[in-house]
Amino acid sequence: MSTKRHEAVGLTDQQVLDMYYYMLLARKLDERQWLLNRAGKVPFVISCQGQEAAQVGAAFAFEIGRDYFCPYYRDLGIVLVAGQSARDTMLTAFAKAEDPNSGGRQMPGHFGGKKFNILTGSSPVTTQVPHAVGIALAGRMTGKNPVVYTSFGEGSSNQGDFHEGANFAGVHKLPVIFFCENNKYAISVPLSKQLACESVADRAIGYGFKGVSIDGNDPIEVYRVVKEAVERGRNGEGPTLIEAVMYRLVPHSSDDDDRVYRSREEVEEAKKKDPIIQFANYLKSVGLMDDASEQEVLQKVQAEVDEATDYAENAPYPTPESTLDHVYGS
Amino acid sequence: MSTKRHEAVGLTDQQVLDMYYYMLLARKLDERQWLLNRAGKVPFVISCQGQEAAQVGAAFAFEIGRDYFCPYYRDLGIVLVAGQSARDTMLTAFAKAEDPNSGGRQMPGHFGGKKFNILTGSSPVTTQVPHAVGIALAGRMTGKNPVVYTSFGEGSSNQGDFHEGANFAGVHKLPVIFFCENNKYAISVPLSKQLACESVADRAIGYGFKGVSIDGNDPIEVYRVVKEAVERGRNGEGPTLIEAVMYRLVPHSSDDDDRVYRSREEVEEAKKKDPIIQFANYLKSVGLMDDASEQEVLQKVQAEVDEATDYAENAPYPTPESTLDHVYGS
Amino acid sequence: MAVMTFIEAVTLAMREEMRRDPSVFLLGEDVGIRGGVFRASMGLIEEFGEERVIDTPLAESAIAGVAIGAAAVGMRPIAEMQFADFIMPAVNQIVSEAAKMRYRSAGDWNCPITIRAPFGGGVHGALYHSQSVEAMFNSTPGLKIVAPSTPYDAKGLLKAAIRDNDPVLFFEHKRCYRLIKGEVPDTDYVLPIGKADVKREGTDITVISYGLTLHFALQAAEKLAAEGISAHVLDLRTLYPLDKDAIIQAASKTGKVLVIHEDNKEGGIGGEVAAIVAENCLFDLDAPVRRLCGPDVPAMPYSPPMEKFFMITPEKVLEAMRELALF
Amino acid sequence: MAVMTFIEAVTLAMREEMRRDPSVFLLGEDVGIRGGVFRASMGLIEEFGEERVIDTPLAESAIAGVAIGAAAVGMRPIAEMQFADFIMPAVNQIVSEAAKMRYRSAGDWNCPITIRAPFGGGVHGALYHSQSVEAMFNSTPGLKIVAPSTPYDAKGLLKAAIRDNDPVLFFEHKRCYRLIKGEVPDTDYVLPIGKADVKREGTDITVISYGLTLHFALQAAEKLAAEGISAHVLDLRTLYPLDKDAIIQAASKTGKVLVIHEDNKEGGIGGEVAAIVAENCLFDLDAPVRRLCGPDVPAMPYSPPMEKFFMITPEKVLEAMRELALF
Ligand SMILES: Cc1ncc(C[n+]2csc(CCOP(=O)(O)OP(=O)(O)O)c2C)c(N)n1
Ligand SMILES: Cc1ncc(C[n+]2csc(CCOP(=O)(O)OP(=O)(O)O)c2C)c(N)n1
Ligand SMILES: [Mg+2]
Ligand SMILES: [Mg+2]
């Protein structure tokens, strides 16, 4: 039996099993949405596949209920750990009134929910980065001092808002975790056409804080590094920029055809490092899971996904006239 | 007699004397504008004082007539070396029709002129940075391959456009010199509230190119480093970010009162490092100038400034109706 | 009741709100120790400290974006754009984020942010320190745009903006800052956002304006009264969403409408005002709806003859009003 | 003459111009090997190479800003914004820079850049892939805004935009891309920017529109003809600066004007059109100037019933036209 790496970083057996559950739930919810899309039942999917380890590993490092999340559209793993349910995902996919993210107003992947401490997100990339900084600033003013998670793709790290937000956080030493999910592509544009630096983490020094690049396929390593960063943030030691390196296993979205811009071999190669498979292997290698318990959790997840799909499919749409609501408050 | 440091970097005696002349011309034009402003004759001044060494040192590293300049509002030293005259400066100060920068339309410091290869500039800071990158890109396409200078204050390096422009140049390995004139303040806001990095040059690594921080009070050192960067650019080795460290010796502009935010002692201390005095001392120390020749160049410069002032003061304004011209081309 | 300048009223409103509510804070370039380049925040850092009066890095998208994040979790930031012209880098944050947070979350989140910006020309500010930018934002539901013309309105409306639960762009005409004085109660009053205000009752012509030019209209109305022409003057105060009822009422009253603003004409606020009139008051009109506006050129030039040519002046206003009355 | 879709006409115009003039190049997100997320640039990288079909980093302000720099020194860049909604980060570059370069340099510099962006909804794009953003830019002298509605116009106007010596925003309605087909000559024709086009002659009512809704107006006109109602349909084509003469002529012809656009109403292009009519055609009008527009909400929701509620539909157009005719 291999050594329990997770213990060294302070994760209990139960926690890593929970991590696996969340990763799998995210994956299966995602896969189901693709099926529904191909069946013409939901108009759009944007995926977390290949990024679940980074997301779940990162999410576990935060204090749920106290800390804040400003996630990006792939962060299904984050929002599940933050408290959203399979139903919530499916209500959004089907654009039903009960969708907690937007009441059916936004595309899937546009997360939000005050009760989950998840800030409402939009489509223009990277706008959430200054928001995270603002939440941290407010947190300092009110003495609540949450640590704030914000994430973005490596392509999106080229937006001005990344720079301006990171710089602001650096100057004010705010507890913000800038989490870059580097999945090698921005839609069809490969890394080499997006940036010329070795690692997105190299940008941190320009803001006067720490930058770290890690293997985004390893949830334990992600947890360790994010946890450290969260601790530093809580101790007033300022922000951290973390680049988690991974691979997007599916097309950019249901509107994309990735065969145009990357070879099947490349994708197959990446699938060998599928974080879910790797993590299952780890759990087995340390004796926390066997084929039977693996099936068990899979079945549990599938049941959840089924139930959520049924529920959401049958839930009512918002009324047409509700289009006019929530423009201004009272 | 000290060693001729300028020879080591490839500058001739005549060149360093010319450098001194340009630095002094910039200074005296600037001082005259303040006098005119305080006398109510020109509405606005924005200064180069304290930054002349960096500007003139940098400008000498370029091939005038081939390379392009996208300067910022303090770069009087740059545009003089690029070919603008004292008259041009004063025509702009007085907002006269003949002003080559804008025909009297823009404030002083908003340089431009096709015949000088100086791109027209605006007030919103840092917008010129992507322009410089675009000029370099066009230069590659057309095979003219100019190297492009663009400058900005350290405060302005926090704008999104700096980040986006630098990243684009890094990805495309374009010959752009990003020249940050770090004069310690953005109007009243000190460095410590603008950025948390040690040096603006630290930002270069995030774009995959070289960053250097230099003493902006030493035109020879500035020349050396910029020259190297220009050579690298010309050889297809990509952009360079250079931070020239200096001090703004006067208020931000004629509308500013710097006594509110910095001590007189601090300013006096900086004046001891006045680049013009230091460079005069250097020229004397290597035997290229004595008190008599110093007076001579001063008188020459003063005469130029006087003539330019007279000319510009008496030159005609644009007509009111010309307000309607140049909205669209034909 | 004290007589004070427009800018003093702005400062007073901020000070009162910051005293009243610890969630109010100010951020922007040079707003701290410098008190703002126009001195709108003079004395605030001394009273409220660096934590609540924040000299930000020079980055407007971050100023807006950080304020939005803070607002979302319950703060009431006042973000200052040093000049309205420099709001452009923050457009994405304002239009895509602040304006849409409530709607996109079906009311779960909201964004009580006030963005103050000095606008307008006539101050030798040239192209980039003279612009009127309100028309860029008047097709963005979710936003409100306020542009008061008097110190009294400035105080009451700025306090309302700060307390508003939605994002408000608050534009202050630079020329009004020290030129316009008026009585301002030191009581804690708020004025309603969304309501125009009849600044003068009249029967022959209706002038609709805001900001600096509103004062020119009032001056001209005074002069025209001596000529026997009675002008009704409506101050829009809120530029978006417009107070349609007030516009319709004011237009119908005289049947002759002149809209005046310093901003250029095509696509300006005046177009929407004229459209509202054309849609609702056609059969009450005795003359075509006129607009007196800045010329359709990119921005105001620096050179004095050109700046003067661009600006709306009391003379131009007087002439346009007289002409309409005689129509 | 080939029949092709709207998007094919766009591609064709770019291809022809790139063949004709080596200074024309394309840059944007995914415009290269992917051929654009809508496939507008399909085949171009194969023909013109990576140097002239540039997959840029994901940064709109740089896309615009780099294009502006290149344009200033003689290139003719076509910058693609992946969706019109994502033009917001580039507003500063477009409005402060591209639009003002010629003016601020007194004609020394100019900026021949074309910015293409797919706009409009009805494609399940939700709030941020459905917006009409033209009204943000229609008060910016120095800019031109073009929004063709047919493949023929798209080709001729895009070629004109590329050759224009000033910055042009070129908006392409996403729903038109594959829905609208038409004859497109493979000759090298250009259409004049700044000119509206009468798409149907009529005598009872005048409908003024652009983009997708223009087609609904034409369909409705056809139906109404059977009812004995004759509709005159003007396609604005250029949204800024507007073709005032054409608007005045079309409005005066019937005295009953309906302006239709998908963008929300207040502050939309329709307001300026109505204002022009109110200013110039008052005594020719037989009915108030009406506007049929999207609702004044921040943007189009995703959920099908809401999207449908937001969108202008052929039915809504027919009804509004009939109602006006019966006024
Ligand atoms: C401002 C803006 N521009 C363009 C887009 C369209 N778009 C959506 S996702 C995407 C690529 C993002 O790449 P990356 O940041 O690497 O994230 P990933 O999707 O790979 O996780 C683009 C161009 C957008 N959403 N926002
Ligand atoms: C986008 C924008 N915001 C604000 C301003 C107003 N402004 C002009 S100069 C300046 C400070 C610039 O500081 P820095 O970049 O350090 O340059 P310096 O003036 O010190 O040379 C500010 C805030 C502006 N011109 N543009
Ligand atoms: Mg990516
Ligand atoms: Mg500075």
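Each value in this text was obtained by applying a stated rule to the coordinates, not by laboratory testing. In this text the structure is predicted, and so the values were computed from the model without any measurement. When we count neighbours, we look across all protein chains shown, and the Cβ atoms used for this are built from the backbone with ideal geometry, even at glycine.
By how many degrees, between 0 and 90 and to the nearest 10, does the Cα long axis of helix D:244-254 differ from the longest principal axis of chain D?
The angle comes out near 20 degrees.
Using Cα positions and a limit of under 18 Å, work out the lysines in reach of residue D:308, with same-chain residues fewer than 8 apart set aside.
List returned: A:41, A:96, D:174, D:265, D:316.
What whole-number value in cubic angstrom gives the convex hull volume per residue for the C-alpha atoms of chain D?
Values: hull volume 40.8 nm³, N = 327.
Taking only Cα atoms, chain D has a hull volume of 125 Å³ per residue.
If I model the stretch D:278-327 as equal point scatterers sitting on the Cα atoms and use the Debye formula, what is log10 I(q)/I(0) at q = 0.22 Å⁻¹?
The Debye formula, applied to the Cα set alone, gives -0.86.
List the relative contact order of the stretch D:128-178 as a percent without decimals, with contacts defined as Cα pairs under 8 Å and 6+ residues apart.
Normalised by residue count, the contact order of the stretch D:128-178 is 40 percent.
I'd like the per residue volume of the convex hull spanned by the Cα atoms of the stretch B:182-330, given in cubic angstrom.
245
Hey, in the GNM for chain C with a 10 angstrom Cα cutoff, which one of C:221, C:246, C:13 fluctuates hardest?
Most flexible of the set in this elastic network: C:246.
With springs only between Cα atoms under 10 Å, which of A:150, A:120, A:12 fluctuates most in a Gaussian network model of chain A?
A:12
If the only charges are +1 at each Lys and Arg Cβ and -1 at each Asp and Glu Cβ, what is the size of the charge dipole of the stretch C:1-130 around the Cα centre, to the nearest 20 debye?
Roughly 360 debye, rounded to the nearest 20.
Highest first, please rank the peptides B:159-172, B:301-314, D:278-291 by the mean number of other Cβ atoms sitting within 10 Å of their residues.
B:159-172, D:278-291, B:301-314
Name the residue farthest towards the positive end of the dipole of the protein assembly as shown from the options C:160, D:221, B:178, assuming +1 on Cβ of Lys and Arg, -1 on Cβ of Asp and Glu, about the Cα centre.
It is D:221, whose Cα lies furthest towards the positive end.
So if I average 1/r over every pair of distinct C-alpha atoms in the stretch D:132-290 and take the inverse, what Kirkwood radius in Å does that give? Display every interim value, and only then the final one.
Details: mean 1/r = 0.0629 Å⁻¹.
When all Cα pairs of the stretch D:132-290 are included, the Kirkwood radius is 15.9 Å.
Restricting to Cα pairs below 8 Å that are 6+ residues apart, what does the relative contact order work out to for the stretch A:5-312? Please round to a whole percent.
22
What residues have an amide H closer than 5 Å to that of residue C:208, excluding those fewer than 5 places away on the same chain, when H is modeled at 1.01 Å from N in the peptide plane?
Under 5 Å from the amide H of residue C:208 lie the amide H atoms of C:234, C:258, C:259, C:260, each far enough along the sequence or on another chain.
If the convex hull of the alpha-carbon atoms of the stretch B:256-330 is projected onto planes in all directions, what is the mean projected area in square nanometres?
Across all orientations, the stretch B:256-330 yields a mean hull projection of 10.7 nm².
Based on other C-beta atoms within 10 Å, arrange C:168, A:286 from fewest to most. Please report the intermediate quantities before stating the final value.
Values: C:168 26, A:286 17.
Ranking C:168, A:286 by Cβ neighbours within 10 Å, fewest first, gives A:286, C:168.
Size of the dipole of the protein assembly as shown about the Cα centre, Lys and Arg at +1 and Asp and Glu at -1 on the beta carbon, nothing else charged, in debye to 20? Each step should come with its number before you reach the end.
On the way: 134 positive and 178 negative charges, 43 e Å.
Charge dipole, the protein assembly as shown, about its Cα centre: 200 debye, nearest 20.
Counting Lys and Arg as +1 and Asp and Glu as -1, what is the net charge of the other residues whose Cβ lies under 12 Å from the Cβ of residue A:12? Spell out each step's value before the answer.
Working: positive: A:4; negative: A:7, A:13, A:18.
Net of charged neighbours comes to -2.
With only alpha-carbon atoms counted, please give the Rg and Dmax of the protein assembly as shown, in Å.
30.6, 102
Diagonalise the Cα gyration tensor of the stretch C:10-53 and give the resulting equivalent ellipsoid semi-axes, square root of 5 times each eigenvalue, largest first, whole Å.
Equivalent ellipsoid of the stretch C:10-53: 15, 11, 8 Å, largest first.
More than 21 Å apart: what percent of Cα pairs in the stretch C:203-323 qualify?
In whole percent, the share of Cα-Cα pairs in the stretch C:203-323 beyond 21 Å is 35.
Divide, for the stretch C:2-184, the radius of gyration over alpha carbons by 2.2 N^0.38 Å, where N is the residue count.
On the way: Rg = 15.0 Å, N = 183, 2.2 N^0.38 = 15.9 Å.
Computed over Cα atoms of the stretch C:2-184, the ratio equals 0.94.
Quick one: 3J(HN,Hα) in Hz for the stretch D:140-148, Karplus 6.51/-1.76/1.60 with θ = phi - 60°, rounded, Gly and Pro as x.
These are the phi-based 3J(HN,Hα) values: 10, x, x, 9, 10, 10, 10, 8, x Hz.
Nearest 10 degrees is fine. How inclined is helix C:60-72 to the longest principal axis of chain C, computing both from alpha carbons?
The angle comes out at about 70 degrees.
Compute the FRET efficiency between residue A:2 and residue A:266 as 1/(1 + (r/R0)^6), taking r as their Cβ-Cβ distance and R0 = 35 Å, and round to the nearest 0.05.
Efficiency, rounded to the nearest 0.05: 0.75.
Neighbouring Cβ atoms within 10 Å as the yardstick, rank C:261, D:129 fewest first.
Final ranking by Cβ density, sparse to dense: D:129, C:261.
For q = 0.18 Å⁻¹, what log10 I(q)/I(0) does the stretch B:193-257 give under the Debye formula with an equal point scatterer on each alpha carbon and no solvent?
Taken in order of the listed q values, log10 I(q)/I(0) reads -0.77.
What are the ³J(HN,Hα) values, in whole Hz, obtained from phi via the Karplus relation 6.51 cos²θ - 1.76 cosθ + 1.60 with θ = phi - 60°, for each residue of the stretch A:103-112 in sequence order, with x given for Gly and Pro?
For the stretch A:103-112, the Karplus curve yields x, x, 8, 10, 5, x, x, 9, 7, x Hz.
Taking H as built 1.01 Å from N, whose amide H comes closer than 5 Å to the amide H of residue C:200, not counting residues under 5 places away?
C:233
How fast does the stretch B:141-269 diffuse by Stokes-Einstein, in µm²/s, taking the Kirkwood radius from C-alpha pairs at 4 °C and 1.567 mPa s?
83
Which residues' amide hydrogens lie under 5 Å from the amide hydrogen of residue B:179, considering only partners 5 or more residues apart or on another chain, with H built in the peptide plane?
For residue B:179, whose amide H was placed from the backbone, the distant partners under 5 Å are B:150, B:151, B:152, B:242.
Mind pulling up the Rg/Rh value for the stretch D:143-231? Radius of gyration and Kirkwood radius, both on Cα.
Rg/Rh for the stretch D:143-231 comes to 1.01.
Kindly list the residues of the stretch D:278-306 that lie in the label zone of residue D:327, defined by a backbone N under 18 Å from the point 7 Å along the Cα-to-C-beta vector.
D:278-294
Would you mind computing, in nm to one decimal, how far apart the modelled labels at residue C:316 and residue A:299 are, each placed 7 Å from Cα along Cα→Cβ?
With each label placed 7 Å out from Cα toward Cβ, I get 8.1 nm.
Work out from phi, with θ = phi - 60° and the Karplus expression 6.51 cos²θ - 1.76 cosθ + 1.60, the ³J(HN,Hα) of each residue of the stretch A:55-62, listed in order in whole Hz, and give x for Gly and Pro.
My calculation for the stretch A:55-62 gives 5, 5, x, 5, 4, 5, 7, 9 Hz in order.
With no solvent and one point per C-alpha, what does the Debye sum give as log10 I(q)/I(0) for the stretch B:25-102 at q = 0.14, 0.21 Å⁻¹?
Each listed q corresponds, in turn, to -0.44, -0.94.
When the Kirkwood radius is taken over all Cα pairs of chain A, what Stokes-Einstein diffusion coefficient follows at 20 °C and 1.002 mPa s, in µm²/s?
My calculation gives 107 µm²/s for D.
Could you work out the relative contact order of chain D, using alpha carbon pairs under 8 angstrom and six or more residues apart, expressed as a whole percent?
17
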